[in-house]
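*Asks:* There's a structure below that I have some questions on.
The values are calculated or read from the model by the stated rules, or taken from the named source; none is laboratory data. Note that the structure is predicted; figures quoted are calculated from it, not measured. Virtual Cβ from ideal backbone geometry, glycine too; neighbours counted across all protein chains shown.
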Amino acid sequence: MLSEHPDTVAVHAGRLEIPANTASSPPLFQASSYEFADLADVEAIYQGERRGAIYGRYGGPNTAQFERAIAELEGAEAAVGAAAGVAAINAALATNLRAGDTVLAGRELYGGTYSLLENDYRTRGVDVAYVDQQDLRAVAAALQQARPKVLYLEALTNPLMRVPDLAALAQLGHEAGAVVVVDATFATPILLRPLDLGVDLVAHSVGKYIGGHGDVGAGVLAGRAGLVGRARALLVRTGAMLPHFEAWLALRGLRTLALRMARHSSNAVAVASFLASSPHVRRVHHPSRPSHPEHELAKRLYSRGTGGIVAFDLTDARAVDPFLHGLERIAIVHSLGEVATTISYPAVGSHRSLPQEQRLSLGVSDATLRISVGIEDPEDIRRDLAGALAGLDAERSA
């Protein structure tokens, strides 16, 4: 052994010994770079002939493990992790669109996706068109007129929980020569696998249900290997790959996803039923309600439930602020899918970037609220909502 100065020993001292037996939980590889044995080793790893890691921007063992898990769950040839849900969406769009091309998207888009299309793609020469994704005739006509390169849809819309016929839409998109991309964040691969219905690429905001604990920002894209490979190359070039620690957290959340989605879904049905009985609520937007326009379609597509999102309209928009103040346990959070029940006001949150006229035309009014129903005891959730609603009676009589 070389006799070295303490300064040198401090840098190189110690040796990581990886146990011969496997850890019961995935270990975290929090390293930004990796060593190579020699130049032959460099070439073998870069060419994919030998399994190895290169540099943090390319991903690492935890990222690869999470990607394989999502691909297995989605029934996909491949998956790639991204630094955020919108990064995964952007990778799907950017690798299939050029200046002069058209993207046809559902009208009821998540505000962040709408902002991306309007502020980035439209200004870069991509024509952006919108259509009611529930209206198959309108979609077919728009596809024939626009001949888009991408048909972009959402499996469950935000916040009104509209349910598109993805199988029919995928067929229409392919007949028009479009790549069909679906944001399935609200559904997760536990409740629906869009690829089984003919979709080409499925995206998730991992920080929602898949992560599940409000502590990770990440995205993932799954689908055919060729399409995912192009998306991966873009994410690597732009520094938007999923980091190691976030991948580790996401995989931790994934392991309880099925249990959580069952509880989110059953609790949401209970909350929707309770809200529908209140005189302060004009309408409840949830596929479990017979009044929902896609109630029957949802029963066919979502046999395991539709997750934890429930939107509702108060009878008076002026009651929104007092109602929110009356909640004790349920917090205002501009995200969703956490184990705790949270609430948001779309007009100033998810739909803030949409012009008011457009937001109102989608049915998202100034009286619309969105609950992300958690996994608590359902009676406690109802009790908190009941207290806030009762407070509206007290305020009215004051």
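*Asks:* Tell me, which strands (runs of 3 or more DSSP E) lie completely within the range 73-144 with 2 or more residues that are touching a residue at least 40 places away in the same chain (Cβ under 8 Å)?
*Replies:* Fully inside the range 73-144 and qualifying: 78-82, 102-106.
*Asks:* Looking only at the range 55-72, count every residue that is over 16 Å from GLN30 (Cβ atoms) and in contact (Cβ under 8 Å) with a residue 12 or more places away in the chain and tell me the total. I'd like the intermediate steps shown before the answer.
*Replies:* Residues of the range 55-72 over 16 Å from GLN30 (Cβ atoms): 67-72.
Next, only the ones that are in contact (Cβ under 8 Å) with a residue 12 or more places away in the chain stay: 67, 69-71.
Within the range 55-72, residues that are over 16 Å from GLN30 (Cβ atoms) and in contact (Cβ under 8 Å) with a residue 12 or more places away in the chain number 4.
*Asks:* I'd like to know if the range 235-253 contains one or more residues that are surrounded by fewer than 20 Cβ atoms within 10 Å (Cβ to Cβ), at pLDDT 95 or above and closer than 23 Å to GLY75 by Cα.
*Replies:* yes
*Asks:* Please determine whether any residue of the range 327-335 is within 30 Å of ARG252 (Cβ to Cβ) and of a type in the set (Lys, Arg).
*Replies:* Pass one, the range 327-335, residues within 30 Å of ARG252 (Cβ to Cβ): 327-335.
Going one step further and asking which of them are of a type in the set (Lys, Arg), we end up with 329.
Yes, some residue in the range 327-335 is within 30 Å of ARG252 (Cβ to Cβ) and of a type in the set (Lys, Arg).
*Asks:* Can you say whether THR256 is of a type in the set (Ser, Thr, Tyr) and more than 27 Å from ILE309 (Cβ to Cβ), as far as the supplied structure shows? Show your work before the answer.
*Replies:* On the way: of a type in the set (Ser, Thr, Tyr): yes; more than 27 Å from ILE309 (Cβ to Cβ): no.
Judged against the criteria, THR256 is not a match.
*Asks:* Further, regarding this structure: Every residue in the range 17-71 that is part of a helix (DSSP H, G or I), at pLDDT 90 or above and small (Gly, Ala, Ser), please.
*Replies:* Correct list: ALA40, ALA44, ALA64, ALA69, ALA71.
*Asks:* Within the range 331-344, can you find the residues that are surrounded by 21 or more Cβ atoms within 10 Å (Cβ to Cβ) and among the hydrophobic types (A, V, I, L, M, F, W, C)?
*Replies:* Answer for the range 331-344, where residues must be surrounded by 21 or more Cβ atoms within 10 Å (Cβ to Cβ) and among the hydrophobic types (A, V, I, L, M, F, W, C): LEU336, ILE343.
*Asks:* How do the strands (runs of 3 or more DSSP E) wholly within the range 280-398 filter down when requiring 2 or more residues that are of a type in the set (Ser, Thr, Tyr): which remain?
*Replies:* Numbers: elements: 281-285, 309-314, 342-344, 368-372.
Result: 342-344, 368-372.
*Asks:* Now for a separate question. Here is a check on your reading of the model: is THR8 outside any strand (DSSP E or B) and either over 23 Å from the mean Cα position of the chain (by Cα) or outside the structural domain of LYS208 (by TED's automatic domain parsing) (or both)? Don't jump to the end; show me each part of the working.
*Replies:* Working: outside any strand (DSSP E or B): yes; either over 23 Å from the mean Cα position of the chain (by Cα) or outside the structural domain of LYS208 (by TED's automatic domain parsing) (or both): yes.
Spelling it out, THR8 is indeed outside any strand (DSSP E or B) and either over 23 Å from the mean Cα position of the chain (by Cα) or outside the structural domain of LYS208 (by TED's automatic domain parsing) (or both).
*Asks:* Hey, among the residues in the range 309-322 that are touching a helix residue (DSSP H, G or I) at 6+ places or on another chain (Cβ under 9 Å) and either hydrophobic (A, V, I, L, M, F, W, C) or under 14 Å from LEU385 (Cβ atoms) (or both), which one's surrounded by the fewest Cβ atoms within 10 Å (Cβ to Cβ)?
*Replies:* Going through the qualifying residues, I end up with PRO322.
*Asks:* Moving on to the next point. Given (1) surrounded by 23 or more Cβ atoms within 10 Å (Cβ to Cβ); (2) in contact with a helix residue (DSSP H, G or I) (Cβ under 6 Å, 6 or more places away or on another chain), where does ARG260 come up short, assuming only one miss?
*Replies:* (2)
*Asks:* Starting from residues that are closer than 18 Å to GLY219 by Cβ and surrounded by 19 or more Cβ atoms within 10 Å (Cβ to Cβ), keep the ones in the range 117-144 and report whichever is nearest to the chain's Cα centre (by Cα).
*Replies:* Initial filter on the range 117-144 (closer than 18 Å to GLY219 by Cβ): 117, 120-121.
Imposing the further condition that a residue be surrounded by 19 or more Cβ atoms within 10 Å (Cβ to Cβ) reduces the set to 117, 121.
Details: LEU117: 17, TYR121: 20 Å.
Looking at the filtered set, the residue picked out is LEU117.
*Asks:* Then there is this: Residues ALA82, ALA105: which one is of a type in the set (A, V, I, L, M, F, W, C) and more than 18 Å from VAL150 (Cα to Cα)?
*Replies:* One residue alone meets the criteria, ALA82.
*Asks:* How about the range 263-281: which of its residues are over 16 Å from ALA388 (Cβ atoms) and in contact (Cβ under 8 Å) with a residue 60 or more places away in the chain?
*Replies:* Of everything in the range 263-281, those that are over 16 Å from ALA388 (Cβ atoms) and in contact (Cβ under 8 Å) with a residue 60 or more places away in the chain turn out to be ARG263, HIS264, SER265, SER266, ASN267, ALA268, ALA270.
*Asks:* Here is a further query. Out of (1) under 20 Å from ARG263 (Cα atoms); (2) touching a strand residue (DSSP E or B) at 6+ places or on another chain (Cβ under 9 Å); (3) not polar (S, T, N, Q), what's the single condition that is false for LEU172?
*Replies:* (1)
*Asks:* Right, another one. Scan the range 94-116 for residues that are of a type in the set (Ser, Thr, Tyr) and surrounded by 17 or more Cβ atoms within 10 Å (Cβ to Cβ) and jot them down.
*Replies:* Of all residues in the range 94-116, those of a type in the set (Ser, Thr, Tyr) come to 95, 102, 110, 113-115.
Scanning the range 94-116 gives THR95, THR102, TYR110, THR113, TYR114.
*Asks:* Take the residues in the range 1-49 that are farther than 30 Å from LEU249 by Cβ and hydroxyl-bearing (Ser, Thr, Tyr), then tell me which one is surrounded by the fewest Cβ atoms within 10 Å (Cβ to Cβ).
*Replies:* So the residue we want is SER3.
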